[in-house]
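Structure record follows, encoded as structure tokens.
The values are calculated or read from the model by the stated rules, or taken from the named source; none is laboratory data. Not measured: the values here are computed from a predicted model. Here Cβ is always computed from backbone atoms with ideal geometry, including for glycine, and neighbour counts include all displayed protein chains. Ligands, DNA and RNA are excluded from the accessible area calculation, which covers all protein heavy atoms including side chains. Shrake-Rupley method; radii C 1.70, N 1.55, O 1.52, S 1.80 Å.
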Amino acid sequence: MALRTILLASLLALGACASTQRTLSYRAGMPDADVFVGDDRYQVWFHDRDQTVLVLRGEPRPLGQLMAQNMTVYAQDRSPGILWWGAAANAVLTQIGCYGTEVTGADQMREIEYVCPQPVDVQTTVAARREEWRRGVRVAAPAEH
């Protein structure tokens, strides 16, 4: 019951943001991929219609729960640099022949647009790889400058 209250309060707080509707256009279930960038853990959801992925920090959880956790547990945590978010997205995008092009968002959540130089049925390919990706994809942390 307490989790539902926190989730509802979080979603209402997010309701004022223009990006909330965009975020809620992603499937609400479990992520498509569990990605480790160095020691940091991210969850990746592919959009059903657009060439974008949603990336959130944390362990695998349904989208709403992870959003609530990011507003509480990670609220005071310094967000990793843009390279970490891109590395999380590209960990799975490159496996299907695509790559991230633009990162938007703030706090512990980013949306990343991507392109695929060669035609690919993204939804079918993601569906075929989802179970493998949910077991964990690991990539090296970006080099610090």
In nm, the gap between the two label points placed 7 Å beyond Cα toward Cβ at I82 and R138 is 2.9
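Local charge sum around R135 (other residues, Cβ-Cβ under 11 Å, Lys/Arg +1, Asp/Glu -1)? Write down the numbers at each step before the final one.
On the way: positive: R129, R130, R134, R138; negative: D34, E131, E132.
Local charge sum for R135: +1.
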The percentage of the accessible area of the stretch 31-126 (probe 1.4 Å, all protein chains present) made up of carbon and sulfur atoms, to the nearest whole number, is 48
For the stretch 50-126, the per residue accessible area (1.4 Å probe, Å²) is 48
Of 39-49, 53-63, ordering from highest average Cβ density within 10 Å down gives 53-63, 39-49
